[in-house]
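See below for the structure under consideration.
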Amino acid sequence: MIIVFGSINIDLVFSVSRLPLEGETVIGPGYAMFHGGKGANQAVAAARYGARVEMVGAVGRDDFGCAALEALRGDGVGVGAVRRLDAPTGCAAIGLDTEGRNQIMVASGANALVSADMVPDELLDRAGVVLAQMEIPSEADWEFLRRARNSGAVTVFNAAPAGVLPEEALPFIDVLIVNEPECIAAAAAAGVDGRDAHACASGLAACCGIDVITTLGARGAALCRPDGKRLHVEGAAISPVDSTGAGDTFCGVLAACLDGGLALAEAIRRANAAGALSCLQRGARGGMPSALEVERMLAGDVH
């Protein structure tokens, strides 16, 4: 069983011809509501792949909170440990112009009140893998990872969005997932010098004794291990429609594969394929695939 500890948001996307200047109002034809939050997205990705997933986080006692929980339940994610708080559900307002450029404002709402004591001991004791990110208070993340490590779970941490990753948190992480800018930021926080993301990943893995996975977009993903071994999984040849959910899909499917007993290298191969498949439909969750769809892609049958 997987515990995903993280954010739950509602995303409001406003379509406009151009993004507004400071103090300016721009009228657009409409907006769309999507379910988001890196934590919730990763939980859905793992559940669609076939894993048993429990989400731990917080939403408000509002309509957005009800909608967010219903969406998670609809994808088979357990929400018994999600708290309803006297705070608004996290919400992102996204202005999107016709060229694909955006402006984003995020109100953390209930996400800012998440704490590690929201994770019951009895739930943590049943977890084989835990997954966390950086859209909730960092102190909550570190305490959760410490408890999870002590309980014997495999700890997977996605250091996104890029933020301060303190050196004292690294001993509680088994697998660190970062993109290239996040990798450089994490290395700097740990006092690791590197001329580029690859050197930073190698240095982090060696000095901290953790597996570091760097997602490379269309170029796939790379693994650096503490013993110096490296693996590069090539990106899939696809024509992407929307890459919004690729990173969260990668993380969720990787956790699902590890929970299913796969070796890390094979888990990366499947997570990489799943991330590519997620780009074939619009929305962060629209293209998140099942395990069967991933197997078909790996077999060369992508339709």
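Between 58, 87, 110, which is farther than 21 Å from residue 143 by Cα, crowded, with 17+ Cβ neighbours inside 10 Å and in contact with a helix residue (DSSP H, G or I) (Cβ under 8 Å, 6 or more places away or on another chain)?
87
Quick one: in region 239-276, of everything that is outside any helix (DSSP H, G or I) and not small (Gly, Ala, Ser), which residue is nearest to residue 135 (Cα to Cα)?
244
Just to be sure I understand the filter: pairs with C-beta atoms under 8 Å, separated by 6 or more residues or on different chains, first member in region 2-14 and crowded, with 24+ Cβ neighbours inside 10 Å, second member hydroxyl-bearing (Ser, Thr, Tyr). Which pairs pass?
From residues that are crowded, with 24+ Cβ neighbours inside 10 Å, the pairs are 7/108; 8/89; 9/89; 10/89.
Provide a single number: the residues in region 277-303 that are without any contact (Cβ under 8 Å) to a residue 12 or more places away in the chain and either touching a helix residue (DSSP H, G or I) at 6+ places or on another chain (Cβ under 6 Å) or assigned to a loop (DSSP other than H, G, I, E, B) (or both).
Residues in region 277-303 being without any contact (Cβ under 8 Å) to a residue 12 or more places away in the chain and either touching a helix residue (DSSP H, G or I) at 6+ places or on another chain (Cβ under 6 Å) or assigned to a loop (DSSP other than H, G, I, E, B) (or both): 4 in total.
So which residues in region 121-136 are assigned to a loop (DSSP other than H, G, I, E, B) and either in contact with a strand residue (DSSP E or B) (Cβ under 9 Å, 6 or more places away or on another chain) or under 22 Å from residue 245 (Cα atoms) (or both)?
Residues satisfying the conditions are 126, 127, 128, 133, 134, 135, 136.
Quickly run through region 153-207 and pick out the residues that are assigned to a helix (DSSP H, G or I) and within 21 Å of residue 140 (Cβ to Cβ).
Correct list: 167, 168, 169, 170, 171, 172, 182, 185, 186, 189.
Examine region 70-83 for a residue that is in a helix (DSSP H, G or I), in contact with a helix residue (DSSP H, G or I) (Cβ under 9 Å, 6 or more places away or on another chain) and closer than 24 Å to residue 144 by Cβ, and state whether such a residue exists.
Yes, region 70-83 has at least one match.
Within region 1-23, can you find the residues that are modelled with pLDDT under 95 and either charged (D, E, K, R) or under 27 Å from residue 293 (Cβ atoms) (or both)?
11, 13, 18, 22
The values are calculated or read from the model by the stated rules, or taken from the named source; none is laboratory data. Note that this is a predicted model, so its numbers are computed, not measured. Reconstructed Cβ throughout: ideal geometry from the backbone, glycine too, with neighbour counts over all protein chains shown.
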